[in-house]
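The values are calculated or read from the model by the stated rules, or taken from the named source; none is laboratory data. As the structure is a prediction and not an experimental result, all values here were calculated from the model. Note that each Cβ is placed from the backbone with ideal geometry, even for glycine, and that neighbours are counted across all protein chains shown. Calculation scope for accessible area: heavy atoms of the full protein, side chains included, ligands and nucleic acids excluded. Shrake-Rupley method; radii C 1.70, N 1.55, O 1.52, S 1.80 Å.
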Amino acid sequence: MAVKGLWGTMDDFLKQCQQSGDSAYSAFRSLLERLENPATRAEARVFLSNLQKRFDTKEASDQCLQTFHFQIQDIYLEQYEGYQRRKKLTMMVIPSIFIPEDWSFTFYEGLNRHPDSIFKDKTVAELGCGNGWISIAIAEKWSPLKVYGLDINPRAVKVSWINLYLNALDDNGQPIYDGEKNTLLDRVEFHESDLLAYCRDHHIELERIVGCIPQILNPNPDAMSKMITENASEEFLHSLSNYCALQGFVEDQFGLGLIARAVEEGISVIKPMGIMIFNMGGRPGQAVCKRLFERRGLCVTKLWQTKVLQAADTDISALVEIEKNSPHRFEFFMGLAGDQPICARTAWAYGKAGGRISHALSVFRCELRQPNQVKIIFEFLKNGFHQISNSLDLSFEDDSVADEKIPFLAYLASVLKENSFFAYEPPAGSKRFRNLIAGFMKTYHHIPLIADNVVVFPSRAAAIEDTLRLFSPRLAIVDEHLTRHLPRQWLTSLTIENTETDKPSEDVVTVIEAPRQSDLMIELIKKLKPQVVVTGMAHFEAVTSSAFEHLLNTTREIGSRLFLDISDHFVLSSLPGSNGVLKYLAGTSLPSHAAIICGLLKNQVYSDLEVAFVISEEENIFKALCKTVELLEGNTALISQYYYGCLFHELLAFQLADRHLPAEREGEKVKAGEMIGFASSAISVLNHAELSIAEADNSSLIHMDVDQSFLPIPSSVKAAIFESFARQNITESEIDVTTSIKQFIKSNYGFPTGSNAEFLYAECSLALFNKLVLCCIQEGGTLCFPVGSNGNYVSAAKFLKANIVNIPTQSQEGFKLTEKILTNALKTLNKPWVYISGPTINPTGLLYTNAEIENILSICAKFGARVIIDTSFSGLEFNFNGWGGWDLEGFLAKLNSSDKQSFCVSILGGLSLKMLTGGLRFGFLVLNQPFLVDAFHSFSGLSKPHSTVKYTVKKLLDLREQRAGDLLDAIAEQEKLLGSRSKRLKETLENCGWEVLDAHAGVSMVAKPSAYLGKNIKLKVDATACAAKLDDSNIREVMLKATGLCINSSSWTGIPGYCRFTIALEDSEFERALDCIVKFKSVISS
């Protein structure tokens, strides 16, 4: 029979096919065009029927493949019956595509183990469809909505379409309809696609993905780099069904890189409840195959396992090479009957000698454990963070760990993806986090708290110590379980004789340890009459509220403030246990003399990741605690708040809003008598320090008053942050930052770190500085600040009651220290401690040269001063002509050999600015003198950085040392941006009547509002009129009210008349800030 317009006879068709495989493919491609045309479709299908009949025996069919380069044969599906009760499919193959054999038959058997509903009415994709037989069989048996057969080999796709017509039409060319009046042509499509690219590009969401794709690396890697076209050689196109190229995944070492990529692409296009089914050769071992899926957040079921002979045309030498270079051993067997595994090298040798080798073959069914969250994680990874996927591990033996970690990773991924920087959060804690805590208390414990009843601290220990410093009681009784991190001096002092005097000394806090049992605690309270009590509760007493009420009543009668720790009894669960304290608070307001402390440590994943919060319903206490945490701790780590915020959110997200009526609560039953107030030194500092401005929920203040960068976080930093949480089983060496910090300070400052150097770490450098202040106080030293120092540091030292001297500086010297000024200051002081911000000076943004710092240090050595060099604000120098950096090693070695034994230099630093980490804080301190080390350790309540932070920091420091392009380019870009910002801000300020001190580095600069000082101004804010005469003390408040711009005044900078502006704002915020400065000028003028 002839096909009109193409060949005269079937013999002519076969004659063309006989010429070569390419000619046979060309002939069938022409035939496919006829099948695609409805007018010639039936005739072309009849031609195919006659072609098959021409070679109707197995021998003839095999000979046809050899002679005519094609084969049409039946695949018997044995014991199942499709809708048409067909037991076979008619399929064609050509030499340049995958020819069905045991590999794909086993895969189909695995699919066949599913119930009929598995594919019914579902959207399905088959990866590596070859000649399309499995896609067609799925459509035939299970009636899916649509099957997309995908293959990277263009010839395979064309042959699949021919096979679709072969089975969708009968031998007479007429459509075969199923029970739903559809044909296979309605249910199946074939497309050329690199894995799931077609579905991704056409926004097709899949419900089922099945794949039977290559799992051996091509022994000739260069071959895989060729362009894949239908005109490529038959040998190359056929190799695509046997081999894969390196994919950039850790699984490449097992030949499973292509499967790994298929899974990750599948996660992005599959619907949440979708299923992926893959054929997995057992050569790498079953554990390796299973882990590929599990570490990507999939639950795995093995559907079917058998042994198959290794295809004779597949070269396993690439696996031999992998074994040679790694300890891994692949699994092969000698023949199908062999039960003892042999390695790839042995299998290769056995095969070369004529033996047949086999390997296990399994069919795995995979479903996403937490589909929406896992999809968010991989959506983040595919946007420039592919390298992290090799570190990702979402496999968990314990479901409770998975339920906690995966949602957090998804939240972190969305934060890092959607935000270019970490937004400003008040030091009292993220507003979102405090709202979540209040929401949890309201929903689960019926306590109607609001965010402004909650203050967040880095740890329970910090909350207790900072609270005691705020009140500075003469005598405090503290539960013996809570004293471990309190200063040693407090626990050894016996200054309790003055209990009846009117004006006790504020400088000594005596802490008496007490047993946790409430009756013993109450007996001590009655006898000793402490001003502050900090205690937890025994487990047997925490179930009911009676012990708590007894404590409340006793402390009220005595006049003691009570801070009750509920950390051990606070459970983050949708079924929290009975808690007597919270039960009491559901019905009664928290008395004004009492507050609740709660440390959050009970998570399933990170045992040492801590955040604490304090609850007070007394507004004055809340405000004072907010300021105290800002002065003594800086900011609680934002990502730690994210973590616990995620846990709270998971417990609140499914709850219906406002379902619970507000609790009916009694007011405070009996007003407390006279209580200890805040320490007078604390009151003075809290009233006068320029701390963060409390924002209303609907306000949009512009913060040029915080030492934080809001510039874009580089992708390498985001990658390190995410990886630190995504990894499991991080080793100690991966979080040991000391070697990296040593190298960092040596290369940046030439600072010597001998064997006696002690490296200390904290969540931020401010916390470390405050411990040094306490060491200074303990020694009876005088802390010297140059005029023009960081206002928060100065206020913190005052809060801690240090003896402070301000060293005058001069405008003509850029408010830097000089030899003459320093000599005059130190010669009258006993035990001086000198604070120096450098190389970059905060707040002025000027730089100390190497010569200048050497001169300063030589004067300090002469007077035996202890020096604190604070490098926290250094590392972003944008105008450093003639600066040259620091190299102090040789000079310090010479100074340290001087007669003055008390002289020492401690280096304090942080990496937030230098490494562009935005809201991720990390502080370090290097001490070189044994006395200081011992003194420092006597103040143990330090909130240390979590292991994830140390992992991130080490990773970034190592990248910097390796001179990784991405990170260095980002640093250079930000230095350039800051230089441009500094210049623009200077121009704007000068045009508006300010005197500006030209900055060279860092994120801040100072300027004097010369044109405004002494001017009278009238403002109307929220219908309230106010008038003021502008001076040093009120310009910050006036500018805030007039424009919404937050700056620091001269009371913060310490430089008379000079205000501080920070410039590392987000682009639009910086533009708004410039507009505010111009607006302020117009307001003053009018």
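Charges only on Cβ, +1 for Lys and Arg, -1 for Asp and Glu: so what's the dipole of the stretch 284-347 about the Cα centre, in debye to the nearest 20?
With only Lys, Arg, Asp and Glu charged at Cβ, the dipole is about 340 debye.
Hey, can you find the accessible area per residue of the stretch 21-143 for me, probe 1.4 Å, expressed in square angstrom?
Per-residue accessible area for the stretch 21-143 comes out at 40 Å².
Any chance you could check the Cα centroid distance between the stretch 324-393 and the stretch 236-300 for me, in angstrom?
Centre-to-centre distance over Cα atoms comes out at 8 Å.
Rolling a 1.4 angstrom probe over the protein heavy atoms, how many square angstrom per residue are accessible across the stretch 368-527?
Counting only protein heavy atoms, the per-residue value for the stretch 368-527 is 41 Å².
With +1 assigned to the C-beta of every Lys and Arg and -1 to the C-beta of every Asp and Glu, and no other charges, what is the dipole magnitude of the chain about the Cα centre in debye, to the nearest 20?
Dipole magnitude for the chain comes out near 1060 debye.
Are there trypsin sites (Lys or Arg not before Pro) in the stretch 597-657 that DSSP puts in a loop and that have at most 15 other Cβ atoms within 10 Å, and which ones? Present the calculation step by step, with values, prior to reporting the outcome.
Numbers: sites: 602, 623, 627; in loops: 602.
Those that pass, being in a loop and sparsely packed, are 602.
Tell me, what is the percent relative contact order of the stretch 70-368, built from C-alpha pairs under 8 Å that lie six or more residues apart? Write down the numbers at each step before the final one.
Values: 594 pairs, mean separation 50.3, N = 299.
Relative contact order here is 17 percent.
Answer with one residue from 408, 423, 304: the one whose Cα lies farthest towards the positive end of the charge dipole of the chain, charges on Cβ with Lys, Arg +1 and Asp, Glu -1.
Among 408, 423, 304, the one farthest towards the positive end of the dipole of the chain is 423.
Using a 1.4 Å probe, what is the accessible area per residue for the stretch 718-968, in Å²?
Value for the stretch 718-968: 34 Å² per residue.
Quick one: helix 619-633 against the long Cα principal axis of the chain, what's the angle to the nearest 10°, folded into 0 to 90?
That works out to roughly 80 degrees.
Need one value: the accessible area of residue 75 in square angstrom, 1.4 angstrom probe, rounded to the nearest 10.
That residue has around 10 Å² of solvent-accessible surface.
In whole Å, how far is the Cα centre of the stretch 594-631 from that of the stretch 169-216?
Going from one Cα centre to the other spans 58 Å.
Restricting to DSSP H runs of at least four residues, report the calculated mean residue ellipticity at 222 nm for the chain, -39500 (n - 2.57) per run over all residues, nearest 500 deg cm²/dmol. Don't skip to the end; give the middle numbers.
Working: 40 runs with 443 residues, N = 1086.
Here the helix-only value at 222 nm equals -12500 deg cm²/dmol.
Just going by the charge dipole of the chain, with Lys and Arg at +1 and Asp and Glu at -1 on Cβ, which of 508, 138, 39 is farthest out on the positive end?
508
Count neighbours as other Cβ atoms within 10 Å of each site's Cβ, and list the trypsin sites (Lys or Arg not before Pro) in the stretch 229-319 that are DSSP loop with at most 10 such neighbours. Write down the numbers at each step before the final one.
On the way: sites: 261, 290, 291, 295, 296, 302, 307; in loops: 295, 296.
For trypsin sites (Lys or Arg not before Pro) across the stretch 229-319 that sit outside H, G, I, E and B with at most 10 neighbouring Cβ atoms in 10 Å, the list is empty.
Using a 1.4 Å probe on the protein chains only, how many percent of the accessible area of the chain belongs to carbon and sulfur?
Ligands and nucleic acids excluded, carbon and sulfur reach 49 percent.
Heavy atoms of the protein only, probe of 1.4 Å, neighbouring chains included. What is the accessible area of residue 1078 in Å², nearest 10?
Its heavy atoms expose roughly 80 Å² to the probe.
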